[in-house]
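Take a look at the structure below.
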Amino acid sequence: MRLLLHICCAPCTIYPLNILRGQKIEVHGLFYNPNIHPYSEYEKRKDALRKYAGEAGLEVIFPHGYPMEDFLRMVAFRENERCRDCYYSRLKYTASVAQSEGFDCFSTTLLYSKYQKHEIIRQIGERLAEEHGIEFHYQDFREGWREGIEISKRLNMYRQKYCGCIYSEKDRFFREDLKVPSR
């Protein structure tokens, strides 16, 4: 089975890639993340993935461009739905590429993170699978959370401290109850 794996970052790729390969699944990656801001953060994550992919023998598709404006238009005035919209955007693109490139299924490294909303990701993936006529491979990779972190640290891999969007970066530093930066 050939699977196209949407990849949010290199550290989140380690455990799912090992598990999927252990299941005899041929994995190819796709780095599509218009939510990541600022651009310098986007480039750090992309560079870390390029390096890891080379070491792991993982083919990854890196689409041209940086459609951050599309992400911002999509979530402006809908901040409470931003995660759902962000998941949808990235998975829709992945499903489309998987379909056009002849993959058997698609999935995402977002299913590795204990901070992501798995049930929403699953619902979106299954809906897009129906729309595109390609299977969504749901697998809960959270059990390997600690293992992936330890491996990424041993590899001296760039490890980001927020999901990527400007809202999560704000959440990282600003505490509403104090109305001051949390540092």
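Where a number appears in this text, it was derived from the coordinates with a stated rule and is not lab data. Given the structure is predicted, the values throughout are model-derived calculations rather than measurements. Because the Cβ atoms are built from the backbone with ideal geometry, glycine has one as well, and the counts that use them run over all protein chains shown.
Things to note:
- The chain: relative contact order in percent, alpha carbon pairs under 8 Å with at least 6 residues between: 29 percent
- Distance between the modelled labels on SER40 and ASP70, one decimal in nanometres: 2.6 nm (7 Å Cα→Cβ projection).
- Summed residue charge, Cβ within 11 Å of PHE103's Cβ, Lys/Arg positive, Asp/Glu negative: -3
- Candidates ASN80, ASN18, ASN33, ranked by Gaussian network fluctuation over the chain, Cα under 10 Å, top entry: ASN80
- The chain: DSSP helices with Cα axial extent of at least 24 Å and average Kyte-Doolittle hydropathy no lower than 1.0: none
- GNM on the chain, alpha-carbon springs under 10 angstrom: the most fluctuating residue among PRO67, PRO16, PRO34 is PRO67.
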